[in-house]
Structure formats: C-alpha cells, structure tokens
Amino acid sequence: MSARFPSSATPLGPRARIAVVVAAVLLLAGGSVGYVLHAENRSEGQRVDAEASFTLAGPALYFRDTATGRVARQPLAGAPGTRTPGGPACDRFYASGDSALCLRAKPGVLPKTYAVVLDRRLRETRRITVPGLPTRARVSASGQMLSWTVFATGDSYATTAFSTRTAVLDLRTGYLIKSIEDIPLTIDGARYHAPDVNYWGVTFARDDNRFYATVSTKGRTYLVAGSMRDWSAKALRQNAECPSLSPDNNRIAFKKKVSDDPAAPWRLYVLDLRTMRETPLAETRSVDDQAAWLDDGTVAYALPGAAGRASDIWTVPADGTGAPRVAVAGGSSPVAVR
C-alpha cells in the first residue's frame, strides 16, 4: 500500500498539505505498528513449554537439542542418540536442585532475552525480560540462586567490541540484582574502578553465598571470587574466563586464552583452588563455552558440530588425562541432573 499525493498541477493550501502529510505519517506508522505486532505475535507463537511428562528427573544429562531448540535428556552414561525429547524451548539452559533457568532470545530490531524460571516439573514460575542476547546461564546446587549473562552489544568473547550484563536472582527472597557491575571490586589489593568493567559467567558455591565469575577490563580478564553477603569481589588471577565450580567446590574449569588467533583463542583448563595450580585438559581445540561438571572427574562443553550441526557436546576428564569424546551429537547447554 502506498499513499497517493495530488499532482503538482493541483496546488494545495497550507491546511491541505498538512492533512496529506499527517495522513501519510499515520499510514506509514500503521504499517510499522502492524509489522511489530505481527513479529511479536510470531515470536510468542514460537514459544514451546515442556510436555507434562518431561520433568527434572535424574540421574540424567539434560541439554538443548540444536535440531529442535528444545531441551532433551539422556542417561548420563548413555550413548549419543538415546535422547528423550519434550523439554521447553530454550537458547540456554541450566538446572539444579528444584529449579531450572531457560534463556529465550526474543527477536526484534532491539534483541531481548526472556529469563524464564522453571520449577522441577519445568513449569514457568517467573519471567524477566532483559535487553541483549542470551549467552550464559547458571543455577546453584540448591536451586535457589540463579544467574544469567546477555550480550548487550557484539556477539563474541573473542573480540573486545562487546558489552555484557550479568544478573543474579535469589529465589529465597525474590530479590533481583539486574547487574552486578556495581559490586565493589578489588584487583591487586586495591579497590578498582573503570567504566569498561564487564562481568560474565557466574558459578555458585554450595553455600549460596560465594560465587566466581569473569571480569574484563583494559583488555585483560580476571577470575574473581565474590560474596553475596558482603557484596564484594576480589580478583584471584588473570586470564581465566567462564569459570565452572566442581561439585566438591575445590576446582574450577575455565577457558584460558592461549592464542591471538580470533578463530581459536582458548583452551580448557582446571584450576585447583587449594594450590592455585592449573592443569590443561586433553581437549586441545578452542572451546568458547562455560563448561559443566558431570561429576567431580568429568567436564562437558559444546563445540561446533560435524555435518552442518550447530554444536555437539563433548566430555573430557578433569585431570588432564584421557581424550575427548562425543556425548551428544547436536546439542549444547549440558547439565547433569541428579
């Protein structure tokens, strides 16, 4: 549809010209509104909840099936292909205790993310809309503390041209910290302030107070330890991203930058928090993921998949021995539910 204006051979008075302009603006605005409403309705129509029979029931490996975009599960020791479908549609997923966190990208000119809180039957209990693209999701062992990270701008940790926003939700009180960037930060023994500070990849300890995360500033990344009770964070070491705390709370799996090649900058390591000694894992390919511990001896992570798949889930021993193996063909966001 287009607005027809009178020919220049028919001059219009001031009021008539104003009326025509107003009509055209309303016509165009109406089309824009219609498009937005159509896109919104289409987005809502793509939302898929879990089937009634699909719940958090372990021991099992839960993950996002990249072919369907929905959460599936398989036995922890199962072979690839033994999956059970029927979970909710998520772009990122994590679960522990009696809670799960499902991040859903909301398409649009300004991308947004739904952070959807689910109970053990994977029914929605709370939904928070945040600006940005979903990238990291974590739930504490008790299921009471949740955290998510979104890209505010950019789309790759391999560049410096991005900004993140990381939130923490306490289900015990319902209190939401929309961004943890204002937490008092100590680096090298001194309080640190800078406008470019970014946090991402929170992982919680069993006490629901202590947490670890990545901080980036001035082109450097740090592993930080934080306290929710004291509302403080302290840098432990440089060059550690996307930490994941082991079930025994003694080690952290993380990705370490080992190359300036933007196509393959990282390698997976495990840090012993008691000795601060790090161990490179047997996975030598570049992993851009927040690894998940399946048990105290095994970590899982996603890598670009074969045969055109978006990603596959691999596992590797956490002590640097052994070799990587495929756990899920066509999957991401792995988490062990027990």
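The values are calculated or read from the model by the stated rules, or taken from the named source; none is laboratory data. Computed from a predicted structure; not experimentally measured. We place every Cβ from the backbone using ideal geometry, glycine too, and count neighbours over all the protein chains shown. Side chains are part of the model used for accessible areas, which takes the heavy atoms of the whole protein and leaves out ligands, DNA and RNA. Shrake-Rupley method; radii C 1.70, N 1.55, O 1.52, S 1.80 Å.
Annotations
- Every pair of residues 6+ apart whose Cβ atoms lie under 6 Å, when the first sits in segment 253-277 and is without any contact (Cβ under 8 Å) to a residue 24 or more places away in the chain while the second is open to solvent by 70 Å² or more (accessible area, probe 1.4 Å) and of a type in the set (A, V, I, L, M, F, W, C): Arg267/Val258
- Single unsatisfied condition, Leu110 versus (1) touching a residue at least 40 places away in the same chain (Cβ under 8 Å); (2) open to solvent by 50 Å² or more (accessible area, probe 1.4 Å); (3) over 21 Å from Ala291 (Cα atoms); (4) not acidic (Asp, Glu): (1)
- Where a residue in segment 214-236 is more than 17 Å from Phe254 (Cβ to Cβ) and its partner, wherever it lies, is open to solvent by 70 Å² or more (accessible area, probe 1.4 Å) and at pLDDT below 95, with Cβ under 8 Å and at least six apart: Gly219/Thr160
- Residues in segment 135-157 that are surrounded by fewer than 19 Cβ atoms within 10 Å (Cβ to Cβ) and either modelled with pLDDT under 95 or assigned to a strand (DSSP E or B) (or both): Ala152, Thr153, Gly154, Asp155, Ser156.
- Hey, Asp98 under 30 Å from Asp248 (Cα atoms), of a type outside the set (S, T, N, Q), surrounded by fewer than 20 Cβ atoms within 10 Å (Cβ to Cβ) and free of Cβ contacts under 8 Å to residues at least 40 places away in the same chain or not: no
- Given (1) among the acidic types (Asp, Glu); (2) open to solvent by 40 Å² or more (accessible area, probe 1.4 Å); (3) not in a strand (DSSP E or B), index of the condition Glu278 fails: (3)
- Within segment 113-134, the only residue that satisfies the criterion of being assigned to a loop (DSSP other than H, G, I, E, B), open to solvent by less than 20 Å² (accessible area, probe 1.4 Å) and within 12 Å of Asp49 (Cβ to Cβ) is Leu122.
- Condition check for Ala291: in contact with a Gly (Cβ under 8 Å, 6 or more places away or on another chain), hydrophobic (A, V, I, L, M, F, W, C), under 25 Å from Pro88 (Cα atoms) and at pLDDT 95 or above: no
- Filter result for Ala253 (modelled with pLDDT of 95 or more and either outside any loop (DSSP other than H, G, I, E, B) or within 21 Å of the chain's Cα centre (by Cα) (or both)): yes
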